[in-house]
Amino acid sequence: MPPGTRKAIQNDQPICCYDCVSCSDGEMSNQTDMDSCIACPEDQWSNEKKDACVPRTIEFLSYDDPFGASLAFISVSLSVITVAVLAIFLKHRDSAIVKANNRDLTYILLLSLMLSFLCSLLFIGRPQKVTCLLQQVAFGMIFSVAVSSVLAKTITVAIAFNATKPGSKLRMWVDSRISFCLILLCTLWEVIICTVWLTHWPPFPDFDTKTESGKKILLCNEGSVTAFYCVVGYVGLLALLSFMVAYKVRNLPDSFNEAQHISFSMLVFCSAWVAFIPAYLSTKGRYMVAVEIFAVLASSAGLLGCIFIPKCYIILLRPELNTKEQLMKIKNLHQSRKL
């Protein structure tokens with residue numbers, strides 16, 4: 001019996017009679033007439049002849065991979081678009097539509113969206129200890145700032161619209177410091193969750209040898225699946241709250257605030273992450289990483305497109321609508337309809 005095979009006793013035959021059976025995948029025999037094959041170490045696999053163990057093929061979502069390169073290109077492109085939108089809003093910061101939608105919150109939201117696009121790059125490349133620690137924490141923190149900014153933006157414009165009524169006591173709440181406090185408070189809870197996660201069950205580089213035969217897939221182990229879903233769940237809770245507030249005030253004048261745009265953007269945001277959960281659970285290896293990257297890019301792009309593209313359209317292509325008189329006209333029309 002040559003190497004790469006083992007003895008298999010024949011049923012109802014003398015003990016001296018046996019078949020020559022090839023070793024199974026992941027096993028080998030390097031001597032003749034072996035009774036059984038030897039299992040290869042976890043990080044190795046049997047060669048084609050099954051007479052030796054060789055290192056497994058290492059695989060991860062890299063920049064050399066067309067799939068990884070495509071995701072990286074999309075990520076960088078969307079971040080560049082976000083910077084361009086921010087430049088437009090900075091250039092037209094004194095225009096009516098920019099001032100009406102709370103400039104400071106707009107800048108914070110755009111910066112957090114730019115960082116959210118770039119943070120997806122942490123998921124591409126060979127997993128390292130530092131990148132594994134930063135992946136989920138950066139994602140959770142940045143998205144908490146972005147979604148809490150949307151929440152603060154929605155609450156602020158709703159209060160601002162009603163504060164213009166004579167004798168309204170809501171004017172004291174129309175203050176950027178109130179919005180910043182809301183963002184800090186919402187983000188603080190995510191900081192606490194991430195701190196507990198990193199302190200007790202920090203993510204670490206790991207490898208998967210079960211998904212594909214002969215391959216060792218490098219990836220980041222979350223350390224605690226429960227902590228991971230707490231981070232994602234908290235962002236989802238903020239998104240759901242933002243959607244509910246925006247939906248409630250969606251009938252306010254559209255040019256005066258962006259409640260309708262925000263409600264639709266949060267619907268897209270929530271849909272992306274609701275679809276992410278089953279997709280994430282049903283995929284393995286590097287495709288599981290790609291699913292998370294896609295969810296990050298899709299949800300961030302939904303916020304950017306639904307909230308800011310209509311405003312950029314008015315600023316660049318319909319400047320005649322970007323006046324205080326036009327905004328007040330729409331507001332008065334809305335109030336007269338309510339009467």
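In this entry, residue 25 passes the filter for residues that are farther than 22 Å from residue 298 by Cβ and not aromatic (Phe, Trp, Tyr). Of the residues that make up segment 113-122, is at least one at positive phi and of a type outside the set (Phe, Trp, Tyr)? No: segment 113-122 contains no residue that is at positive phi and of a type outside the set (Phe, Trp, Tyr).
Would you mind stating whether residue 142 is part of a helix (DSSP H, G or I) and touching a Leu at 6+ places or on another chain (Cβ under 9 Å)? Considered against the rule, which asks whether it is part of a helix (DSSP H, G or I) and touching a Leu at 6+ places or on another chain (Cβ under 9 Å), residue 142 comes out as yes. Residues that are among the aromatic types (Phe, Trp, Tyr) and at pLDDT 85 or above do not occur anywhere in segment 248-262. Can you find a residue that is among the small types (Gly, Ala, Ser) and under 23 Å from residue 143 (Cβ atoms) anywhere in segment 95-118? The answer is yes; a qualifying residue exists.
Matching residues to (1) at pLDDT 90 or above; (2) open to solvent by 50 Å² or more (accessible area, probe 1.4 Å); (3) more than 27 Å from the chain's Cα centre (by Cα):
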residue: 87; (1), (2), (3): yes, yes, no
residue: 96; (1), (2), (3): no, no, yes
residue: 120; (1), (2), (3): yes, no, no
residue: 165; (1), (2), (3): no, yes, yes
residue: 169; (1), (2), (3): no, yes, yes
residue: 186; (1), (2), (3): yes, no, no
residue: 192; (1), (2), (3): yes, yes, no
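Can you spot a residue in segment 49-68 that is part of a helix (DSSP H, G or I) and surrounded by 13 or more Cβ atoms within 10 Å (Cβ to Cβ)? Yes, because at least one residue in segment 49-68 is part of a helix (DSSP H, G or I) and surrounded by 13 or more Cβ atoms within 10 Å (Cβ to Cβ).
Please count how many residues of segment 20-38 are of a type outside the set (Ser, Thr, Tyr) and open to solvent by 70 Å² or more (accessible area, probe 1.4 Å). Here the count works out to 7. Out of 240, 303, 339, 333, one residue alone is open to solvent by 50 Å² or more (accessible area, probe 1.4 Å) and modelled with pLDDT of 85 or more. It is 240. Just to be sure, is residue 275 open to solvent by 50 Å² or more (accessible area, probe 1.4 Å), assigned to a helix (DSSP H, G or I), more than 24 Å from residue 89 (Cβ to Cβ) and modelled with pLDDT of 85 or more? Answer is yes for this residue.
Restricted to segment 29-63, and to residues there that are more than 19 Å from residue 207 (Cα to Cα) and charged (D, E, K, R), the residue that is farthest from the chain's Cα centre (by Cα) is 33.
The values are calculated or read from the model by the stated rules, or taken from the named source; none is laboratory data. Since this is a predicted model, take the numbers as computed values, not measurements. Here Cβ is always computed from backbone atoms with ideal geometry, including for glycine, and neighbour counts include all displayed protein chains. We work out accessible area using only protein heavy atoms, side chains counted, and drop any ligands, DNA or RNA first. Shrake-Rupley method; radii C 1.70, N 1.55, O 1.52, S 1.80 Å.
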